[in-house]
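The values are calculated or read from the model by the stated rules, or taken from the named source; none is laboratory data. The structure presented is a predicted model; accordingly, all values stated were derived computationally and were not measured. Here Cβ is always computed from backbone atoms with ideal geometry, including for glycine, and neighbour counts include all displayed protein chains.
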Amino acid sequence: MLNKRAIGVILTLMSISLLLTACGPSAEELLARDNARNAALAAQARVADLEEELLALPNAIATKEAEVAALEAELVLLQEEYYSLGGGSR
């Protein structure tokens, strides 16, 4: 049979093991932490994407403004041609 000292050591180790298990995070807490970390990483990636898009906007706006100006000039030419061919005289 085990002596009293060995039984005491075993009971102490079991108590410590039980305390560590009870004091540690639960499975739900671990899952919530992982979900929060994943959400934070996704948010950081989204911020980076939006910052890149924001930096690209001035060039995109300038390009679109140039396209609008070209289309307006083409519209003027087409309207002149239309009127020269007798359109709109009704």
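Residues checked against (1) in contact with a strand residue (DSSP E or B) (Cβ under 9 Å, 6 or more places away or on another chain); (2) modelled with pLDDT of 95 or more; (3) small (Gly, Ala, Ser); (4) not in a helix (DSSP H, G or I):
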{"site": "Thr21", "(1), (2), (3), (4)": "no, no, no, no"}
{"site": "Leu30", "(1), (2), (3), (4)": "no, no, no, no"}
{"site": "Arg37", "(1), (2), (3), (4)": "no, yes, no, no"}
{"site": "Ala42", "(1), (2), (3), (4)": "no, yes, yes, no"}
{"site": "Val47", "(1), (2), (3), (4)": "no, yes, no, no"}
{"site": "Glu65", "(1), (2), (3), (4)": "no, yes, no, no"}
{"site": "Glu72", "(1), (2), (3), (4)": "no, yes, no, no"}
{"site": "Val76", "(1), (2), (3), (4)": "no, yes, no, no"}
Could you check, for the stretch 55-62, whether at least one of its residues is more than 41 Å from the chain's Cα centre (by Cα) and either surrounded by 10 or more Cβ atoms within 10 Å (Cβ to Cβ) or of a type in the set (A, V, I, L, M) (or both)? no
Do we find that Gly88 is modelled with pLDDT under 85 and surrounded by 10 or more Cβ atoms within 10 Å (Cβ to Cβ) in this structure? no
If you scan the stretch 1-28, which residues turn out to be exposed (fewer than 10 other Cβ atoms within 10 Å of the Cβ) and over 49 Å from the mean Cα position of the chain (by Cα)? Met1, Leu2, Asn3, Lys4, Arg5
